[in-house]
Each structure stands twice: as C-alpha cells, then as structure tokens.
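Working notes, structure below.
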Amino acid sequence: MFSNPGKKIMGLASVVFWLTLVFAILGAIASISEGSFEVFFSSIGLLLAAWLSSLALYALGCVVDDIQHIRER
C-alpha cells in the first residue's frame, strides 16, 4: 500500500487530469448547445486549472520518486 508513492502520485495526477478533461469537454459541449458562452469560458478555465494542478502534482510525484531512488543507493 505504501510502496512506490511517487508512481502512485504520478498516476493520480494523470487520472485527475483526464477525468477533468472529459468533464470540461462535456461542459463546453453542453454550454455551446444552450448558447451560454459564460459556462463555455469557465470550462476552458477549468481545463487550464486542471492542467496546471496536474502538472504540479505530477512534478511532486517525480520528486518523491527521485528521492526514493537516491535513498536506495
């Protein structure tokens, strides 16, 4: 359960990004069909925020993984 935390954090970052991407695209499609461009732009903002937060979480996973490799040496 607690082995390879870096790989698990990197996997979590990928899953969070892809789920948010799917929901942002569905929200954008729904907002365009209703003609509500405010929701469309907020879904674009959600996509950007998801990308940045997933990038930071993935970088944290890389750091944890690198530290674990250094500790094993």
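So which pairs qualify, if the first residue must be in region 54-65 and more than 7 Å from ALA13 (Cα to Cα), the second must be of a type in the set (A, V, I, L, M) and surrounded by 15 or more Cβ atoms within 10 Å (Cβ to Cβ), the Cβ gap must be under 7 Å, and the two must be at least 6 apart or on different chains?
Pairs that qualify, where the first residue is more than 7 Å from ALA13 (Cα to Cα) and the partner is of a type in the set (A, V, I, L, M) and surrounded by 15 or more Cβ atoms within 10 Å (Cβ to Cβ), are LEU60/ILE9; GLY61/ILE9; GLY61/MET10; GLY61/ALA13; CYS62/MET10; VAL64/ILE9.
Does region 36-57 include one or more residues that are surrounded by 15 or more Cβ atoms within 10 Å (Cβ to Cβ), in contact with a Phe, Trp or Tyr (Cβ under 9 Å, 6 or more places away or on another chain) and among the aromatic types (Phe, Trp, Tyr)?
No: region 36-57 contains no residue that is surrounded by 15 or more Cβ atoms within 10 Å (Cβ to Cβ), in contact with a Phe, Trp or Tyr (Cβ under 9 Å, 6 or more places away or on another chain) and among the aromatic types (Phe, Trp, Tyr).
Say whether the condition of being within 16 Å of MET10 (Cβ to Cβ) and not polar (S, T, N, Q) is met by at least one residue in region 27-43.
Checked against the condition, which is being within 16 Å of MET10 (Cβ to Cβ) and not polar (S, T, N, Q), region 27-43 yields no hits at all.
Can you find even one residue in region 19-36 that is at pLDDT 90 or above and among the β-branched types (Val, Ile, Thr)?
The answer is yes; a qualifying residue exists.
Regarding VAL64, is this residue at negative phi, of a type in the set (Val, Ile, Thr) and under 14 Å from the mean Cα position of the chain (by Cα)?
No.
Select, from GLY27, GLY61, the only residue that is surrounded by 15 or more Cβ atoms within 10 Å (Cβ to Cβ) and out of contact with any Lys or Arg (no Cβ under 8 Å at 6 or more places or on another chain).
Step by step, each of GLY27, GLY61 is checked, and only GLY27 is surrounded by 15 or more Cβ atoms within 10 Å (Cβ to Cβ) and out of contact with any Lys or Arg (no Cβ under 8 Å at 6 or more places or on another chain).
The values are calculated or read from the model by the stated rules, or taken from the named source; none is laboratory data. Here the structure is a predicted model, which means the values were calculated and not measured. Positions of Cβ are generated from backbone atoms using ideal geometry, with glycine treated the same way; all protein chains shown enter the neighbour counts.
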